[in-house]
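*Asks:* Pasting a structure below so you can have a look.
The values are calculated or read from the model by the stated rules, or taken from the named source; none is laboratory data. If you're wondering where the values come from, they're calculated on a predicted model, not measured in any experiment. Every residue, glycine as well, gets a Cβ built from its backbone with ideal geometry; the counts of neighbours run over all protein chains shown. The protein model used for the area step is the full one, side chains on, heavy atoms only, and it has no ligands, DNA or RNA in it. Shrake-Rupley method; radii C 1.70, N 1.55, O 1.52, S 1.80 Å.
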Amino acid sequence: RKAPPLVRFSTTMRQRTDEVQRFLRANLYRHPQVVATTSVAREVLRELFELYCDDPSQMRAQVAGRRSVARAVADYVAGMTDRFALQEHARLTGRRIDWPVHPRASD
């Protein structure tokens with residue numbers, strides 16, 4: 001770890017890489033639609049975690065033999081697809097979550 005790097009970008013390539021990263025951060029990662037979708041997903045996961053911890057019998061997974069209910073719930077939720085998580089959230093809360101609308105580019 002203390003040895004100097006064997007390979008690295010040239011100064012020009014490093015500048016170009018930094019430029020691409022700044023662009024992606026501003027126009028993709030922090031885009032309002034991405035931020036909104038992430039916020040909704042965070043809410044769904046938090047609520048699912050709390051609901052399953054409160055009543056583990058609602059999960060299709062086995063909790064017996066696990067170190068803790070929280071660990072079993074975390075593993076179960078981590079393995080969910082987006083669609084299944086939304087279906088389970090609707091089943092358990094009675095609320096349907098709609099993802100933020102993303103306008104499509106015209107053809």
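*Asks:* Collect the residues in the stretch 45-69 that are open to solvent by less than 90 Å² (accessible area, probe 1.4 Å), polar (S, T, N, Q) and farther than 15 Å from Arg91 by Cβ, keeping them in residue-number order.
*Replies:* Scanning the stretch 45-69 gives a single hit, Ser68.
*Asks:* Can you pull out the helices (runs of 4 or more DSSP H) entirely within the stretch 27-107 that have at least 2 residues that are modelled with pLDDT of 90 or more and aromatic (Phe, Trp, Tyr)?
*Replies:* 32-54
*Asks:* Search the stretch 68-93 for residues that are farther than 21 Å from Thr37 by Cβ and pair each with any residue that is open to solvent by less than 40 Å² (accessible area, probe 1.4 Å) and small (Gly, Ala, Ser) when their beta-carbon atoms are under 7 Å apart and the residues are at least 6 apart or on different chains.
*Replies:* Ala72/Ala61; Tyr76/Ala61
*Asks:* Related question: Against the condition closer than 27 Å to Arg91 by Cβ, open to solvent by 90 Å² or more (accessible area, probe 1.4 Å) and of a type outside the set (S, T, N, Q), how does Arg42 come out, does it pass?
*Replies:* Numbers: closer than 27 Å to Arg91 by Cβ: yes; open to solvent by 90 Å² or more (accessible area, probe 1.4 Å): yes; of a type outside the set (S, T, N, Q): yes.
Answer is yes for this residue.
*Asks:* Going through the stretch 46-58 one residue at a time, which ones are touching a helix residue (DSSP H, G or I) at 6+ places or on another chain (Cβ under 7 Å) and either among the basic types (Lys, Arg) or over 11 Å from Ala74 (Cα atoms) (or both)?
*Replies:* First pass over the stretch 46-58, keeping only residues touching a helix residue (DSSP H, G or I) at 6+ places or on another chain (Cβ under 7 Å): 47-49, 51-53, 56, 58.
Once the filter is applied, which keeps residues that are touching a helix residue (DSSP H, G or I) at 6+ places or on another chain (Cβ under 7 Å) and either among the basic types (Lys, Arg) or over 11 Å from Ala74 (Cα atoms) (or both), the stretch 46-58 yields Glu47, Leu51, Pro56, Gln58.
*Asks:* Determine if the stretch 5-27 includes at least one residue that is of a type outside the set (Gly, Ala, Ser), touching a residue at least 24 places away in the same chain (Cβ under 8 Å) and open to solvent by less than 100 Å² (accessible area, probe 1.4 Å). Steps first, answer last, please.
*Replies:* Within the stretch 5-27, the subset of a type outside the set (Gly, Ala, Ser) is 5-9, 11-25, 27.
Now drop any that are not touching a residue at least 24 places away in the same chain (Cβ under 8 Å), which leaves none.
Checked against the condition, which is being of a type outside the set (Gly, Ala, Ser), touching a residue at least 24 places away in the same chain (Cβ under 8 Å) and open to solvent by less than 100 Å² (accessible area, probe 1.4 Å), the stretch 5-27 yields no hits at all.
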